[in-house]
1. Under the condition of being touching a helix residue (DSSP H, G or I) at 6+ places or on another chain (Cβ under 8 Å) and farther than 21 Å from Lys89 by Cα, which residue from the stretch 8-48 is modelled with the highest pLDDT?
2. What tally of residues in the stretch 1-58 results from selecting those that are under 21 Å from Thr105 (Cα atoms) and in a strand (DSSP E or B)?
3. So which residues in the stretch 48-106 are among the polar types (S, T, N, Q) and farther than 20 Å from Thr25 by Cα?
4. Pick out the one residue from Asn67, Asn40, Asn71 that is exposed (fewer than 12 other Cβ atoms within 10 Å of the Cβ) and either among the charged types (D, E, K, R) or within 17 Å of Leu96 (Cα to Cα) (or both).
5. Identify the residue in the stretch 74-105 that is within 13 Å of the chain's Cα centre (by Cα) and aliphatic (A, V, I, L, M) and, among all such residues, is surrounded by the fewest Cβ atoms within 10 Å (Cβ to Cβ).
Amino acid sequence: MSRVKLVKLESKEKYQRLLSRDSDTSGIKVGHVILSSSENIGVHTTGEREEVIVILKGKGEASIGKNDVVNIKKNEVLYIPPQTEHDVKNTGSGILEYIFITSQTQDNDFDCKKDFM
């Protein structure tokens, strides 16, 4: 059974896993990302999971698929549907800091080790 959790954001590392099935969630994965100027996270997909990105600091761009680019900045939320290839890049002079949340969609089975390990 899941229980309430409180996790502190550590602003020193590029990537901090906040919550996942390993921490007894029912299917969400949450992480904290900090990118330096011109740095990107790398092209990826979250498979059958949908993703929300909450921008905390800075500005950047999200490349969606092969042709779309969405400019993102502090206090904005970006939704990315399942099976969508994407990348996030810092286009500002300071850091780009964000929280991502992925969640399995209602009509699929999720295997944490298969999809994320």
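1. Residue satisfying both the conditions and the ranking: Glu48.
2. 14
3. The answer is Ser63, Asn67, Asn71, Asn75, Gln83, Thr84, Asn90, Thr91, Ser93.
4. Asn71
5. Ranking the qualifying residues of the stretch 74-105, first place goes to Val77.
The values are calculated or read from the model by the stated rules, or taken from the named source; none is laboratory data. Predicted model only: the values in this text are computed from it and were never measured. Ideal geometry is used to build each Cβ from the backbone, glycine not excepted, and the neighbour counts take in all protein chains shown.
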